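Every number here is computed from the coordinates shown, using simple stated rules; none is lab data. For clarity, every value in this text was computed on a predicted model and none was experimentally measured. Using ideal geometry, Cβ is built from the backbone for each residue, glycine included, and neighbour counts are taken over all protein chains shown.
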Amino acid sequence: HNIEIHDTAESGATAAHVPSQAIEFEVMPNEVIFTHDDGIHGCEIWSAPNGEAARLAADIVPGQTGSNARHFLRRRGGVVFAATTPEAGEELWYGEAVGGQFKARLLKDIIPGRMGSAPLPIAVNDTLVLFYATTLDAGRELWCTNTLEEQQTAMVADTQPGVEGSIPMKPRTYVVDG
């Protein structure tokens, strides 16, 4: 079963047929990028170009495990997202269509090794991506990247020194009475 996604807010509307089991998606100018588990590749990135059938776009972790790509946020002609690999854990990635092929690459291994920084992209513009990430020394803090190159990715500030960090892992819920 498929669901239809239509985006008329962009110039050049996007219309795509996405499997109803799609987990997360981001509407691009000419396609929809989404996460899907087809039972063969695990939870990976798929693409549904305008009017075409959905297809596997990036098999970041080959095999049935998959990369569990998620938290898609559109930037320029591509997407920033979190993905998990056995080598780097969950880290920040960037993917875009290049010559008709979707190319995904690790942006920065913030915590080198298998642990991962559990990044969460929160805001983008033409030159900057803001995201939360967790380190062993600073806890969960605000990070940024301005060129989508590893050497330009850094923590904005350690606003609450110590391992607890300044950004809670789980959002707090407040009840206002009145």
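Near the amide H of residue 116, under 5 Å away, which other amide H atoms are found, from residues 5 or more places off or on another chain, if H is placed in the peptide plane? HN-HN under 5 Å from residue 116: 90, 111. Around the amide H of residue 143, modelled in the peptide plane, lie the amide H atoms of 131, 132, 133, 156, all under 5 Å away and 5 or more residues distant in sequence or on another chain.
Of the peptides 116-128, 154-166, the order by per-residue mean of other Cβ atoms within 10 Å, starting with the highest, comes out as 116-128, 154-166. What is the distance, in nm, between label points placed 7 Å from the Cα along the Cα-to-Cβ direction at residue 125 and at residue 159? According to this spin-label approximation, the distance is 1.8 nm. When you filter the GluC sites (Glu not before Pro) in region 61-108 for DSSP loop state and at most 16 other Cβ atoms inside 10 Å of their Cβ, you are left with 87. Ellipsoid semi-axes for region 90-154, based on the Cα gyration tensor and the rule √(5λ), read 21, 14, 9 Å when sorted largest first.
Of the trypsin sites (Lys or Arg not before Pro) found in region 67-131, those that fall in a DSSP loop while having at most 14 other beta-carbon atoms within 10 Å are 76, 114. Measuring nothing but how far apart in sequence close Cα pairs (under 8 Å, 6+ apart) lie, relative to its length, region 36-83 scores a relative contact order of 30 percent.
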